[in-house]
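A short worksheet on the structure shown next.
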Amino acid sequence: MYGGDEVSAIVIDVGSYSCKAGYAGDDTPKCVFPSVVGSTEQTGDTDEAKPEKEADSGSDPKNGSKPMDVDKAKTKRKYYVGQELEFRRDHMEVISPLKDGTVTDWEVVDNIWNHAFRQRLLINPEEHPMLIAEPSTNSGQQREKAAELMFEKYKVPALFLAKNAWWRVYCGFCCA
């Protein structure tokens with residue numbers, strides 16, 4: 001199914017400073033942008049345009065837990081990625097998804113991936129196999145979470161998680 005030279009695979013690398021994404025086989029990434037996300041709290045219904053990604057900070061009714069306060073149940077987070085992050089916003093917190101090379105906030109990584117796919121590369125991830133660069137120190141749980149997001153949310157047809165050390169060796173032989 002994905003043999004041969006033209007598979008239109010997408011390569012994405014979320015680093016501690018920048019996110020790089022593009023097509024496999026290209027000499028350079030199609031997009032490079034900061035791998036941080038701005039986050040603000042939104043309370044109640046607002047007339048603003050729908051954000052790229054919102055997450056309830058209230059309780060989950062499936063778990064049976066009840067919110068401590070009615071206002072907290074209506075609180076949502078709005079995320080700003082890429083160029084949206086360049087503008088000053090009151091009470092915006094800048095969040096990095098990585099700490100010591102390991103993903104600590106998967107919701108932020110999800111927003112970064114979504115921005116790369118939908119805003120920068122302008123692709124439908126369901127139509128492209130994915131190759132994701134990951135830190136060499138990633139645990140099995142981290143790999144499982146990345147695969148879960150890619151297959152269940154983005155419905156990618158194929159996925160390969162490559163260690164950063166492998167990339168360094170590969171680039172050393174190919175680019176030398």
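Highest mean packing comes first when the peptides 24-32, 116-124, 128-136 are listed by Cβ atoms within 10 Å, giving 128-136, 116-124, 24-32.
Neighbour counts of C-beta atoms inside 10 Å place 90, 105 in the sequence 90, 105, starting with the fewest.
Each reported figure results from applying straightforward, stated rules to the coordinates on display, with no laboratory input. This is a predicted model, so every value here is computed, not measured. Every residue, glycine as well, gets a Cβ built from its backbone with ideal geometry; the counts of neighbours run over all protein chains shown.
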